[in-house]
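Working notes for the structure below.
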Amino acid sequence: MFTGIVEGVGTVNKISKITKNRSAIEMTIDLGKQVKGLKIGQSVALNGVCLTATKISKSKCIFEMIEETTKKTDLGNLKVGGVVNIERSLKAGDRLEGHFVLGHVDGVGIIKKIIKKSKEVQVYFEVPKSLAKYVVKKGSIAIDGISLTVVDVKKTLASVSLIPHTIEITNFHTKKVGDKVNIETDILGKYILKQG
């Protein structure tokens, strides 16, 4: 379980498509100071995708991804040197600063427009048609693992606004029009719609 409050960014150090076991891709990420206290077997959200730490050496950590992960998220498109958002899993008793984020990405969206203003950046992105019903104005959404509030939504085009602090500490300072982003819609909305 995560909150969508990104703790920092990491750098893709190595990607291997030939692994010793049955995973599709093995990825080495330099987590920097976020590695402190991390143990093998624990979960880390990378760009909003919940992955398991399988090997740790100094600040570098290896994560394995199955084919389903590479197909349903944008992690399969990462390249060496790429920047990823990092969030360690929520501990019992921690404050829930964002919203409930599972790290189970629903689909991949595409950035359509970025408007930079003096105190915020507005990002418009296309949501897969199958997810549009879960994206509501003023509702919660996780974009690349960042807990955000939907400003507006029209059919499959949604927008969010990011404050300078969010841009600074996440990988959003590297994003441009046409880039893909991982989308996890609000779990509460999914359950409400399922009951209806």
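For every helix of n ≥ 4 consecutive DSSP H residues, a contribution of -39,500 (n - 2.57) applies; sum these over the chain, divide by its total residues, and give [θ] at 222 nm rounded to the nearest 500 deg cm²/dmol.
Roughly -2500 deg cm²/dmol at 222 nm, from the helical runs in the chain.
Under a point-charge model restricted to the Cβ atoms of Lys and Arg (+1) and Asp and Glu (-1), what is the dipole moment magnitude of the chain relative to its Cα centre, in debye to the nearest 20?
Rounded to the nearest 20 debye, it is 220 debye.
How large is the Kirkwood hydrodynamic radius of the range 39-139, in angstrom, based on all distinct alpha carbon pairs?
About 16.1 Å for the range 39-139.
Over 10 Å intervals from 0, what percent of Cα-Cα pairs in the range 92-192 sits in each interval?
Percent of Cα pairs in each bin: 16, 52, 28, 5.
Just tell me which aspartates and glutamates come within less than 15 Å, Cα to Cα, of LYS55; anything on the same chain fewer than 8 places away is out.
Answer for LYS55, where 15 Å is the Cα cut-off: GLU26, ASP30, GLU64, listed by chain and number.
Going down the table (LYS71/LYS175; LYS116/LYS194; LYS71/LYS155; LYS133/LYS180; LYS72/LYS113), which pairs top 30 Å between alpha carbons?
From the list (LYS71/LYS175; LYS116/LYS194; LYS71/LYS155; LYS133/LYS180; LYS72/LYS113), the Cα-Cα distance tops 30 Å for LYS116/LYS194.
At R0 = 30 Å, how high is the FRET efficiency between VAL151 and LEU96 if r is their beta carbon distance? Nearest 0.05 is fine.
Calculated transfer efficiency: 0.85.
Between LYS137 and LYS14, how many nm apart are label points set 7 Å from Cα along the C-beta direction?
About 5.1 nm, to one decimal.
Quick check: convex hull over the Cα atoms of the range 1-91, volume per residue in Å³, rounded to an integer?
That works out to 92 Å³ per residue.
Using the Kirkwood formula on the Cα atoms of the chain, what hydrodynamic radius do you get, in angstrom to one decimal?
About 17.0 Å for the chain.
Only the coordinates and a few stated rules stand behind these numbers; no lab work does. This one's a predicted model, so the numbers in the text were calculated from it and none came from an experiment. Virtual Cβ from ideal backbone geometry, glycine too; neighbours counted across all protein chains shown.
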